[in-house]
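Novice: Before anything else, here's the structure in question.
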Amino acid sequence: MQKTKYIFITGGVSSSLGKGVTVAALGTLLESRGYSVSLQKMDPYINVDPGTMSPYQHGEVYVTDDGAETDLDLGYYERFTHSKLTRKNSVSTGQIYHAVIERERKGDYLGRTVQVVPHITNEIRNRIYTLSRENETDFVIVEIGGTVGDIESVPFLEAIRQMRYEHGATQVLFIHLTLVPTITAAGEAKTKPTQHSVKELLAIGIQPDILICRIQKKLSQEMKNKISLFCNVKEENVISATDITTSIYEIPQMYREEKLDEVVLKVLGMDMKKLNFSKWEQLVHTIRNPKKVVRIALIGKYISLQDAYRSVYEALSHGGIANQASVEVTKLNPEDITKANVKELLKNIHGILVPGGFGERGIEGKVVAIHYARTKKIPFLGICLGMQCAVIEFARNELGMKDANSTEFNPKSEYPVISMIEEQTEIEQMGGTMRLGAYPCRLQKGSLVQQEYKLEKVSERHRHRFEFTLRFKDAFEKKGMKISGTSPDQDLVEVVEVPNHPWFIGVQFHPEFMSKPTKPHPLFVGLVRESIKLIKKGE
Ligand code: GLN
């Protein structure tokens, strides 16, 4: 077997240049050439994982099958490729130091001084090698988080420098993603920041092989020439990454047109296998030519930050792709929703989604909106906390349990319809008591959810502490709420539905993590399909 090739992607000049999506899109292209890829993210922060970070700080926490709480870039990796992701694909400085210090305490270093080089850098390298050993893919593509010049990234850069030195230029490739800003007044694109950023890399001993330049309009030949000369990078290896217009799923195509795949294979001396890219081209065509526009309200408290519900937005767009529709998301803060204004706020909406979340803020507004969705027969999908709120709403308004609540919000409620299986309220255990990762779920034959999946047993990812309280199950079922999905032992409620409604589903798990543009999740497909039915003539 051919030896695994390592591709490292660093970022320069500025953050938020789309490194994660670039890694994912390169994965798409190499897979389209018949190669297999594994993708990995190195995060320079000291947190062990983002599980305890606020969504405002870090965007959503992405959950893998094996229950790792990871960076949202892993979501892009999964949506764009077939790369199998586990906790090993997400590495942070915190994890690296944690492992090294644990070993030091056990005496494994036999009295030696433990240092950044070689102990920390070896641990970083081991994490990369583990991935290639276990997956045996043709490529391991590693995203180095942060921006070159940050103090925190230095050990990671040193580790990959060593790898290049040891394995050589035909096995280790460096790509640097950088910004070429356009100065509005002069109307000119400037290459100097890129030159400086490459200089910074060179000082660490890394000479990039390929430069990807984020720029408003494509680089001119003259600019490529200049960048090439100043940065020691072949002209043909200087690539433009222009802003895309409609959807991030255009990015693989944009890089295809720039021949990124060809350049990478050429530099590494690999076969230019036949390209099979029509699926993605078809996808982009569908996205660019929607037949309808459907408006779905997303009701969540982190709406001001696009990344906080990243996978949900993506999954909605996939639901749109499956229905040849463009999904316009109307973001509503539940704290602004009251019984008095709910009708007005939701008047132009075709479907409603309440995503996951933690903490009491906004709960009452969500309950009001869910009541509206249920009684006005608007398609509704409740995810995790959204499902729990649907249960609370039904209890209060159909079962007469006026103060029904989750013990997360009111531990003294007379009707704790959502509660913890075990009382684990020790704050020290934060991040450790959650039900995380993929679990099987049995769907009731003939239920709405079973018809959407066309399966009776599914596996979905979880991230929650609280559950439907089983002793209330009969009371709910008597009033018509259907428990249409449970854990195989039937101890945990996974899905609820309501009768006399075209499409109302609450799920305790997170279907958004399993949706891909090339394989939209059935529940998002269903939500969008039913919402489209509410589009009025002439809209
Ligand atoms: N806060 C709720 C729980 O812990 C819901 C979690 C979520 O929506 N991810 O169970």
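Novice: Just list whichever of K412/K482; K412/K445; K19/K274; K3/K41 have alpha carbons separated by over 30 Å in the model shown.
Specialist: The answer is K412/K445.
Novice: While we're on this one: Okay, helix-only estimate at 222 nm for the chain: each DSSP H run of n ≥ 4 adds -39500 (n - 2.57), divide by all residues, round to 500 deg cm²/dmol; what do you get?
Specialist: Only helices count here, giving -10000 deg cm²/dmol.
Novice: Output needed for segment 162-307: three equivalent-ellipsoid semi-axes, defined as square roots of 5 times the C-alpha gyration tensor eigenvalues, in descending order, whole Å.
Specialist: On the way: eigenvalues 198, 95, 58 Å².
Its equivalent ellipsoid spans semi-axes of 31, 22, 17 Å.
Novice: Only Cα pairs under 8 Å and at least 6 apart count here; give the relative contact order of segment 305-370 as a rounded whole percent. Kindly include the intermediate steps, with their values, before the conclusion.
Specialist: Details: 31 pairs, mean separation 25.0, N = 66.
With pairs under 8 Å counted, the relative contact order is 38 percent.
Novice: Bin by bin, in steps of 5 Å, what percent of the Cα pairs in segment 1-136 do you find, going until the bin that has the longest distance?
Specialist: Whole-percent P(r) values from 0 Å outward: 2, 9, 17, 21, 19, 15, 9, 5, 2, 0.
Novice: Taking Cα pairs under 8 Å and at least six residues apart, what relative contact order does segment 1-150 come out at, in percent?
Specialist: 43
Novice: Considering only protein heavy atoms, what per residue accessible area in square angstrom results for the chain with a 1.4 angstrom probe?
Specialist: I get 43 Å² per residue for the chain.
Novice: Separation between the N276 and E166 pseudo-spin-labels, each 7 Å from Cα along Cα→Cβ, expressed in nm?
Specialist: Placing both labels 7 Å along Cα→Cβ, they lie 3.5 nm apart.
Novice: Restricting the count to DSSP beta bridges whose residues both fall in segment 32-181, what percent are antiparallel, rounded to a multiple of 5?
Specialist: Antiparallel: roughly 20 percent of the beta bridges in segment 32-181.
Novice: Averaging sequence separations of C-alpha pairs under 8 Å and six or more residues apart, then dividing by the length of the chain, give the relative contact order as a whole percent.
Specialist: Relative contact order comes out at 15 percent.
Novice: Give the aspartates and glutamates whose C-alpha is closer than 17 Å to that of K279, dropping any in the same chain fewer than 8 places away, or say none.
Specialist: E31, E78, E250, E257, D261
Novice: Would you report the distance distribution of C-alpha pairs in the chain as whole percents per 10 angstrom bin, up to the bin with the largest distance?
Specialist: 3, 17, 26, 24, 17, 10, 3, 0
Novice: Between segment 284-354 and segment 23-57, how many Å separate their Cα centres?
Specialist: Between the Cα centres of segment 284-354 and segment 23-57 lies a distance of 26 Å.
Novice: I would also like to ask the following. Could you tell me which trypsin sites (Lys or Arg not before Pro) in segment 258-308 are loop residues by DSSP with no more than 15 other beta carbons within 10 angstrom of their beta carbon? Don't jump to the answer; show the numbers that get you there.
Specialist: On the way: sites: K259, K266, K273, K274, K279, R288, K291, K292, R295, K301; in loops: K259, K273, K274, K291, K301.
Sparse-neighbourhood loop trypsin sites (Lys or Arg not before Pro): K259, K273, K274, K291.
Novice: Quick one: pull the percent of accessible area on the chain belonging to carbon and sulfur, 1.4 Å probe, ligands and nucleic acids left out.
Specialist: With neighbouring chains kept in place, the figure for the chain is 50 percent.
Novice: For the chain, give me the percentage of DSSP beta bridges that are antiparallel, rounded to the nearest 5 percent.
Specialist: Restricted to the chain, the bridges split so that about 35 percent are antiparallel.
The values are calculated or read from the model by the stated rules, or taken from the named source; none is laboratory data. Nothing here was measured: the structure is a model prediction, and the numbers come from that model. Backbone-built Cβ (ideal geometry, glycine too); neighbour counts: all protein chains shown. Surface areas here come from the heavy atoms of the whole protein model, side chains and all, with no ligands, DNA or RNA. Shrake-Rupley method; radii C 1.70, N 1.55, O 1.52, S 1.80 Å.
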